[in-house]
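Trainee: Please find one structure pasted underneath; my questions will follow.
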Amino acid sequence: MKLLCLSNGHGEDAIALRILRALRHRADLEGRVADIVALPLVGEGHAFSQSGIPVIGPVKQLPSGGFVYMDGRQFAKDLRGGLLQLTLSQLRVVREWAKQGDLILAVGDLVPLLFAWWSGASYAFVGTAKSEYYLRDEAGLLPRTSWFERMESWSGSVYLPWERWLMGRRRCRAVFPRDSLTSEVLSRWKLPVYDLGNPMMDDLEPMGIDFAIPDEALVVTLLPGSRVPEAYRNWEILLDAAQSLVTGLDQPVTFLAAIAPYLDLAILHQALQARGWQLTNPAPVPPLAYCQEKATLLLTTAFNGCVNRGDVAMAMAGTATEQVVGLGKPALIFPGEGPQFTYAFAEAQTRLLGPSVILVEQPDQAAEAVRSLLQDPDRLQLIAENGRRRMGRPGASDRIAACLLSQGLGVGRPG
């Protein structure tokens, strides 16, 4: 199988990589050859090349980081940064590859799906960006405040007619939605839908990390996101929320700050010092330990350990918030300045993830929100069940890879 993977964002790259690793592993076990290449439509695709998957065609880090649809100013910046020339070059590469390739795996939203259709090759689609939960839950359509918001469900699905048209072409061999509710709705149009789960929930095992946290401590995971410079602004908001917990809760608190490896520790350290946190182990690399009153804060790159060990998260992130919710944990989210984590993004995340996320308007309201959660065990049980249902069980990457191989999807030209 000759496969080209198209993705359009940092989170999409990570999801695509999980599937491609599983595909390569399964092909090896079956004695088959999987010739896999990638073309990230957003960013430079370092994750692919570091995993031994060649990147073909031009790549570039544009100012928006892939969030052009959230702000017209970001789109203007990307145009000035060469978006049009980059897109045209990538389209030519995809069309050229399709002359000899078997299958394009499009991971993300409409953009890679459109590229895949335009190529002329067979294709499969992993829909990471859209979910019916944005519009409805199992009981029916969600109440919306304005007529414009109510119009979002005009076509009967979160996927619009032109997106469903692309999924319904003969060359589209498989569609893998991110949750069962979306699979159920898309199946009404007799599309090639496979309900195999969400790869976001794969590879989240804690890997035996022990943070040596006292039994009596409440453990709070901090997720500031990974996009620079937005993550630094988010970090300050989350530290203000942490301050609310330090002063507003009676029990000791341990904060596990899960940071991307490439964030500047000096900037994070400066924000901590400004809020009275004292560094207790001045090591040159994470984990770094800070203390204040009866609270401890560990700055670490061990994301899996943080999200598994935490009792609750305080988050300003996309994929990371969804993952912690999928593990059955509640998440407090705070609107920021963007370009990603704006109020509109946070509000949409409350629809996507339902009762598992609590939108907190101001950081100083965090203690009251956490106190309310801890006093309601029935609510915590509902949150755990809701998160696992909406995000699915682990193993989706392997199930998708098995589907692609077992059915010979993309092998040979379509009739």
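The values are calculated or read from the model by the stated rules, or taken from the named source; none is laboratory data. Since the structure is predicted, the reported quantities are computational estimates derived from the model, not experimental observations. FYI the Cβ positions are ideal-geometry reconstructions off the backbone, even for glycines, and counts take in every protein chain you see. The area values use the complete protein model at the heavy-atom level, side chains included, leaving out ligands, DNA and RNA. Shrake-Rupley method; radii C 1.70, N 1.55, O 1.52, S 1.80 Å.
Trainee: Ranked from highest to lowest mean number of other Cβ atoms within 10 Å per residue, what is the order of the peptides 202-209, 157-164?
Mentor: Working: 202-209: 13.6, 157-164: 17.9.
For the peptides 202-209, 157-164, the packing ranking is 157-164, 202-209.
Trainee: For TRP117, tell me the accessible area in Å² from a 1.4 Å probe, rounded to the nearest 10.
Mentor: Result for TRP117: roughly 80 Å² accessible.
Trainee: Non-local amide H neighbours of CYS5 (under 5 Å, H modeled in plane, Pro and chain starts lacking H): which ones?
Mentor: Here the answer is VAL37, ALA38, LEU39, LEU105, since their amide H atoms fall under 5 Å of that of CYS5.
Trainee: Could you work out how far apart the two model spin labels at GLN273 and TRP165 are, taking each label as a point 7 Å from the Cα in the direction of the beta carbon, and quote it in nm?
Mentor: 5.9
Trainee: Would you calculate, for the chain, the mean residue ellipticity at 222 nm contributed by helices, counting each DSSP H stretch of 4 or more residues as -39,500 (n - 2.57) and dividing by all residues, to the nearest 500? Walk me through the intermediate numbers first.
Mentor: On the way: 16 runs with 168 residues, N = 415.
After summing the helix terms and dividing by residue count, I get -12000 deg cm²/dmol.
Trainee: Here's another thing I want to ask about it. How would LYS99, LYS329 rank on accessible area, largest to smallest, probe 1.4 Å?
Mentor: Numbers: LYS99 130, LYS329 35 Å².
Descending accessible area places them as LYS99, LYS329.
Trainee: How many lysine pairs does the chain hold where the Cα atoms are under 23 Å apart and the two sit 8 or more places apart or on different chains? Let's see the in-between values first.
Mentor: Numbers: LYS2/LYS99; LYS60/LYS77; LYS130/LYS190; LYS130/LYS329.
Step by step, the pairs that qualify in the chain add up to 4.
Trainee: Nearest 5 is fine: what % of DSSP beta bridges in the chain come out antiparallel, could you say? Can you show the working numbers first?
Mentor: On the way: 10 of 54 bridges.
Percent antiparallel among DSSP bridges in the chain is about 20.
Trainee: Using a 1.4 Å probe on the protein heavy atoms only, what accessible surface does LEU86 show? Give it in Å² to the nearest 10.
Mentor: Approximately 10 Å² of LEU86 is accessible to the 1.4 Å probe.
Trainee: Under DSSP H, which helices of the chain have Cα atoms covering 24 Å or more of the helix axis and a Kyte-Doolittle average no less than -1.0?
Mentor: Numbers: long enough: 10-29 (29 Å, -0.20); 230-248 (27 Å, -0.03).
Those that clear 24 Å and a mean of -1.0 are 10-29, 230-248.
Trainee: I'd like the accessible area for MET1, computed on protein heavy atoms only with a 1.4 Å probe and all protein chains in place. Round to 10 Å², please.
Mentor: Around 40 Å² of this residue is reachable by solvent.
Trainee: Got a sec? What order do PHE125, PHE345 fall in by accessible area at 1.4 Å, biggest, i.e. largest, first? Before the final figure, lay out the partial values.
Mentor: Working: PHE125 0, PHE345 45 Å².
The ranking, largest first, comes out as PHE345, PHE125.
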